[in-house]
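In what follows, a structure is listed as structure tokens, so that the remarks can point back to it.
The values are calculated or read from the model by the stated rules, or taken from the named source; none is laboratory data. Keep in mind the model is a prediction, meaning the values are calculated, not measured. FYI the Cβ positions are ideal-geometry reconstructions off the backbone, even for glycines, and counts take in every protein chain you see. Heads up: the accessible areas ignore ligands, DNA and RNA and are worked out on the full protein's heavy atoms, side chains in. Shrake-Rupley method; radii C 1.70, N 1.55, O 1.52, S 1.80 Å.
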Amino acid sequence: MASPELNVIKNAKPDPRGQPVQVIAVTGGKGGVGKTTVSVNLATALAAAGKRVVLLDGDLGLANADVFLGLSPRYTLAHVMSGERTLDEVVVQAPQGFQVIPAASGAADLATMSAAEHLGLVQAFSSLAAKVDVMIVDTAAGIAHSVLQFSQASQHVVVVVCDEPASLTDAYALVKVLSRNHGVGRFRVVANQVRAPGGGAELFRRFELVTARFLEVVLEFAGEIPEDEYLRRSVREQRTVFEAYPSCPAARAFKKLAARADTWPVPAGPRGNIEFFVERLVRRAAPRLEAVQ
Ligand SMILES: Nc1ncnc2c1ncn2[C@@H]1O[C@H](COP(=O)(O)OP(=O)(O)OP(=O)(O)O)[C@@H](O)[C@H]1O
Ligand SMILES: [Mg+2]
């Protein structure tokens, strides 16, 4: 007869809390450089490679991720924070094989959360941790508070740049504020809308030259995405180029980017947990909360 201890061991499931989740914020500074394009296609490519992916749509502007994916979400993360909905009710399944969480665009919501709401959000995300390997956060243009918050809470910050002076100056401004005021020291640069092979590496060198002169940061070239008419077509069709035109140059580049992202390390211990993302998202947003507790 099996002892009760043996039964416990046999039926033990891995604790969903503590399961590492890779969290990648996609930023860029300037509007229209391709943050959402990179987010949705990276999510699709990682999902196609067998990863369980959730995309947190941190930009509820006009051309946001749900529009790219042809989704019509009814609720956002704000409904989870207010307790009106559970995270499961807010999550939308994208046909590309990953999940989407429409996020509240207002960082103010995070800053004014009570301790109970904060705990609710941490719990909501920790239940998600058992179901995902990677979380991608698509952020808004500029250096709005929400962009900085999402970036500083993530493990990896991707900066999307393209070959336009305004893109480089805006990306520089973003890297500067994240490194000086938010403790982000490493950035992974994706060159988008590249017109000739190798142009991305060249653009990266130019960007690195300026940042190395003035800022204490480590930049890493994460790859280039070519300018591709098929990509524009896929946006019009509300599909990702990766699933709609898998053999076109942009789709192949996203496949490479996904393979590279898969090698980025997930911090060991609590720093690799999704709860840590929420903790950081909330803590930095509301320093006064800490002071009164
Ligand atoms: N590699 C590419 N090749 C061709 N067109 C591209 C490429 N990347 C982006 N685009 C075009 O640029 C448009 C803007 O891209 P996207 O919406 O991803 O930028 P964004 O940085 O998210 O903008 P926003 O700041 O408004 O959120 C897309 O609709 C698409 O048509
Ligand atoms: Mg966008």
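A few notes on this one:
- Crossing angle, helix 274-285 versus the chain [Cα axis fit, 0-90 degrees, rounded to tens]: 70 degrees
- Nearest-ten-degree value, helix 249-261 long axis tilted from longest Cα axis of the chain: 50 degrees
- Pairwise centroid distance, computed over Cα atoms, of region 207-232 with region 20-43, Å: 13 Å
- C-alpha long axis of helix 115-129 to longest principal axis of the chain, angle in °: 80 degrees
- Residues of region 145-185 with amide N under 20 Å of a point placed 7 Å along Cα→Cβ from GLU216: 152-153, 157, 172-185
- Across the protein chains, with a 1.4 Å probe defining accessible surface, the residues PHE254, PHE214 rank PHE214, PHE254 from largest area downward.
- Rounded to the nearest 20 debye, dipole of the chain from Cβ charges on Lys, Arg, Asp, Glu: 420 debye
- Full extension of the chain segment joining GLU84 with HIS145 gains 19.5 nm, where the gain is 0.36 nm per residue of separation less the Cα-Cα distance.
- Dimensions of the chain from C-alpha coordinates, computed as largest minus smallest value along each principal axis and given longest first, are 68, 46, 36 Å.
- Projected over every direction and averaged, the convex hull enclosing the alpha-carbon atoms of region 165-205 yields 3.1 nm².
- Taking all Cα pairs closer than 8 Å and separated by 6 or more residues, the relative contact order of the chain comes to 27 percent.
- For region 105-248: rounded, prolate or oblate by the Cα gyration tensor [a/c cutoff 1.5]: oblate
- For ARG232 and ASP262, the difference between the fully extended length at 0.36 nm per residue and the C-alpha to C-alpha distance is 8.2 nm.
- Max mean-square fluctuation residue, GNM over the chain, Cα-Cα springs under 10 Å, options SER247, SER154, SER179: SER247
- Structure remark: mean-square fluctuation, Gaussian network model of the chain, C-alpha springs under 10 Å; the largest value among ASP59, ASP138, ASP262 belongs to ASP262.
- Cα lying deepest toward the dipole's positive end in the chain, options PRO246, SER167, PRO265, charges on Cβ: PRO265
- Only Lys, Arg (+1) and Asp, Glu (-1) charged, at Cβ; region 176-293 dipole about Cα centre in debye: 240 debye
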